[in-house]
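First comes the structure, then the notes that go with it.
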Amino acid sequence: MILRRLPPPKRVLIVKPSALGDVVTALPVLHGLRRTFPETHIAWLVSTACADVLLDQPGLDDIVLFDRKRLGRCWRSPEALRSLSAFFQTLRRGRYDWAIDLQGLFRSGLFTRWTGAVVRAGFADAREGAAMFYTHHVAVSAEHTVDRNLALARVMGIDARGEDVRLHISPDSQAFAEAWCRDLGLSRGGFLVCVPPTRWTSKLYPVRHWRRVAAGLAERMPVLLIGSPDPADRALCRQIAEGISGVTNLAGRTTIRQMAGLLAISAGVVCCDSAAKFIAAAVGVECVVLIGPTHPERTGPYRRGRAFVADVPCQGCLQKRCTHGTCMESLPPSLVLDAADAMIRAGAS
């Protein structure tokens with residue numbers, strides 16, 4: 001089904017502020033819009049924490065930054081309240097014909113409404129009452145987040161495709177990755193990347209398991225550990241890498257774009273359930289993903305990569321914190337290494 005009588009847009013705003021992995025899964029809407037409407041001005045409302053991943057993407061004309069941490073203080077800070085007012089004025093000045101809310105929460109729905117766009121589209125099952133801000137409510141039956149975005153876009157007449165989950169690597173990011181390889185004596189496709197950190201503590205793989213995986217992988221080829229500058233991420237990667245030959249800790253030493261550049265020339269990625277699984281696929285690299293509290297059919301690897309799912313009764317509980325961590329504990333390092341071997345062989349063939 002395609003919505004009838006939608007006027008071709010001159011200016012479109014994609015509203016998908018976060019999280020990083022969710023922003024990557026929304027890329028087909030951007031690429032589909034550009035394919036369908038070559039002359040349309042396309043902007044993306046994104047959080048400052050996730051904006052880096054969009055900076056080099058072809059077809060995107062503008063980025064509207066949403067500083068969640070700063071604007072979230074508007075209830076108690078007059079300065080933050082003034083910043084929020086200025087942010088709303090920026091949305092109005094965008095003069096968007098279409099605003100597409102792919103987040104589906106109250107805040108994103110409100111932003112969509114504040115644009116004043118004639119067409120304000122979002123998911124019919126959006127949460128927190130976000131749908132009350134839409135002019136067009138799109139019902140989709142797909143489960144995976146990528147397929148949901150594709151379905152919404154197609155109903156709007158946008159030629160979005162599954163293969164559009166792709167990231168352009170800038171020359172600067174390529175140069176950064178190649179420089180690291182030279183400094184470490186690595187060759188293109190001659191190293192593996194492990195990304196242990198993830199936002200939910202319930203998704204974290206135990207450090208002792210990671211150490212066995214990292215040591216086993218390092219016997220096959222050099223390993224780079226990557227994580228954000230967050231102190232917890234850096235500490236986690238430091239614990240994993242300590243004393244293991246062939247493992248280099250780069251946690252906190254790369255931007256998102258630079259991380260993507262390194263992933264793109266690696267032999268593959270092993271990660272917890274995080275944005276890394278989508279970034280790896282978006283740059284054309286295989287990955288092994290360790291999944292416990294989430295649903296792989298909804299947010300697991302898309303088209304490329306293998307989900308290694310815990311076989312426990314509470315799997316898929318969607319709890320961000322857990323008192324026992326049974327699901328992630330139950331994933332044997334030996335089987336993770338077997339999956340990584342298969343990934344390496346597939347990449348070499």
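The values are calculated or read from the model by the stated rules, or taken from the named source; none is laboratory data. Small disclaimer: the values here were computed from a predicted structure and weren't measured. Positions of Cβ are generated from backbone atoms using ideal geometry, with glycine treated the same way; all protein chains shown enter the neighbour counts.
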inquiry  = Just to verify a result, which residue in segment 1-17, among those that are surrounded by fewer than 17 Cβ atoms within 10 Å (Cβ to Cβ) and among the basic types (Lys, Arg), is modelled with the lowest pLDDT?
reply    = Arg4
query = Is it the case that segment 255-272 has a residue that's over 30 Å from Gln174 (Cβ atoms), aliphatic (A, V, I, L, M), touching a residue at least 12 places away in the same chain (Cβ under 8 Å) and crowded, with 18+ Cβ neighbours inside 10 Å?
reply = no
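Okay, residues lined up against (1) crowded, with 21+ Cβ neighbours inside 10 Å; (2) over 21 Å from Gly268 (Cβ atoms):
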| site | (1), (2) |
| --- | --- |
| His136 | no, yes |
| Leu152 | yes, yes |
| Phe176 | no, no |
| Val207 | no, yes |
| Ile226 | yes, no |
query = Residues Arg188, Arg127: which one is outside any helix (DSSP H, G or I), closer than 30 Å to Ala235 by Cα, touching a residue at least 12 places away in the same chain (Cβ under 8 Å) and not aliphatic (A, V, I, L, M)?
reply = Arg188
request  = Kindly indicate which of Trp114, Trp75, Trp180 is modelled with pLDDT under 95 and under 20 Å from Val53 (Cβ atoms).
outcome  = Trp180
request  = Count, please, the residues in segment 142-167 that happen to be more than 22 Å from the chain's Cα centre (by Cα) and not in a helix (DSSP H, G or I).
outcome  = 2
note = The condition of being out of contact with any helix residue (DSSP H, G or I) (no Cβ under 7 Å at 6 or more places or on another chain), in the same structural domain as Ala339 (by TED's automatic domain parsing) and at positive phi holds, among Gly190, Gly185, only for Gly185
query = Looking at this structure, is Tyr302 in contact (Cβ under 8 Å) with a residue 40 or more places away in the chain, of a type outside the set (A, V, I, L, M, F, W, C) and buried (at least 21 other Cβ atoms within 10 Å of the Cβ)?
reply = no
note = Subset of segment 228-254, residues in contact with a Leu (Cβ under 7 Å, 6 or more places away or on another chain) and surrounded by fewer than 18 Cβ atoms within 10 Å (Cβ to Cβ), comes to none
task = Could you tell me whether segment 321-335 includes any residue that is surrounded by fewer than 20 Cβ atoms within 10 Å (Cβ to Cβ), within 21 Å of the chain's Cα centre (by Cα) and closer than 18 Å to Val207 by Cα?
result = yes
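Conditions tested, residue by residue: (1) closer than 17 Å to Glu329 by Cα; (2) within 24 Å of the chain's Cα centre (by Cα).
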site: Val207; (1), (2): yes, yes
site: Trp210; (1), (2): yes, yes
site: Ala214; (1), (2): yes, yes
site: Pro229; (1), (2): no, yes
site: Ala235; (1), (2): no, yes
site: Arg238; (1), (2): no, yes
site: Ile244; (1), (2): no, no
